[in-house]
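Take a look at the structure below.
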Amino acid sequence: MEGALGILLLQDLGDLTLQEALKGARPAKRKELYRQALDQLVVLQREAAGAPQRAVCFQVAFDFEKLSWELHFFWKHFLEAYRKCDLSVEDRASVADGFHRLCAEIASWPQVMCHRDFHSRNLMSHAERLWWIDFQDARMGPVTYDLASLLRDSYVDLDEEFVAEMAEEFRQRAVPGEARDTFQRRLELMSIQRNLKALGTFGYQGAVKGSRVYLPYIPRTLANVRRNLARYPELSGLRRALAHHLEELR
């Protein structure tokens, strides 16, 4: 964009999303695409850290209130509106406690610039490169936020070995001084919050908007939640309470 002249240059990126580019792609090509996405993510975090902090995206963040709001959006629109769950007093208390624990820990981590919706439908494949769209909600958040969006994507199946390999490569480049166990915990807890938020959106679209577009992606997203919740005993109360109403988490 040329500010003095008021000229904005737009380019048509076509219709090929990363989600579509991955279909039928060989393992080497899949790895190449994900490495390119992670390379770009490292650049975003590094360059934003040294940029002037005047833009709106630097003034808003995934703080406790925002993270909590998103989880309660899941509660309202997925649990209650879409799945018609009627939580007992005990389950409501367990869910609220689990959400509080999750949000408090995530909000305590160091923050970087986040795209905020960095997944396979918002990365376009054009001219042998990946390009970003839908970045208008960029804000500050954990190093693992966008990584969780990409590697625990609602729209793409990735095996655990591949996820672990890509996550470790990213850690070595983005936060090499952070212990692997710490980084893994931060990725998995972030994934829980991110996937529950996605389910809230899917439930809202289905129950409130009457759209069925996102419903096929609910099983994969719930599977991601189950996988990560099962790894943390301190969140067992949250998992049990949700599993009373969501058989996919049992």
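Brief remarks on what is shown
- To the nearest ten degrees, helix 180-207 and the longest principal axis of the Cα atoms of the chain are 80 degrees apart.
- Taking 7 Å steps out from each Cα toward its Cβ at ASP97 and ASP134 produces label points 3.6 nm apart.
- Extension gain, ALA104 back to GLU80 (0.36 nm per residue minus Cα-Cα distance, nm): 6.2 nm
- Placing pseudo-labels 7 Å out from each Cα toward the beta carbon at LEU215 and PHE58 gives an inter-label distance of 4.6 nm.
- LEU10 paired with ARG30, simple spin-label distance in nm, labels 7 Å along Cα-to-beta-carbon: 3.5
- In the range 18-249, taking the dipole from charged Cβ atoms about the Cα centre, the farthest positive-side position among ILE192, PHE78, PHE58 is held by PHE78.
- Per-residue HN-Hα couplings for the range 30-38 [Karplus 6.51, -1.76, 1.60; θ = phi - 60°; Hz; x = Gly/Pro]: 4, 5, 4, 5, 5, 5, 5, 4, 6
- Rounded to the nearest 10 degrees, the inclination of helix 160-174 to the longest alpha-carbon principal axis of the chain is 60 degrees.
- Extension gain, SER88-GLN19: 0.36 nm per intervening residue step, less the Cα-Cα distance, totals 20.9 nm.
- Placing +1 on the Cβ of every Lys and Arg and -1 on the Cβ of every Asp and Glu, with no other charges, gives the range 1-160 a dipole of roughly 220 debye about its Cα centre.
- Note on Cα Rg over 2.2 N^0.38 Å: of the candidates (1) 1.10; (2) 0.92; (3) 1.03, the value calculated from this structure sits at (3).
- Cβ charges +1 (Lys, Arg) and -1 (Asp, Glu), total dipole of the range 124-250, debye: 560
- Added length on full extension, which subtracts the Cα-Cα distance from 0.36 nm per residue, HIS126 to GLU234: 34.5 nm
Read-outs: derived from the displayed coordinates by stated rules, not from any lab. The model shown is predicted, which means the values in this text are computed figures rather than measured ones. Neighbour counts run over all protein chains shown; Cβ positions are idealised from the backbone, glycine included.
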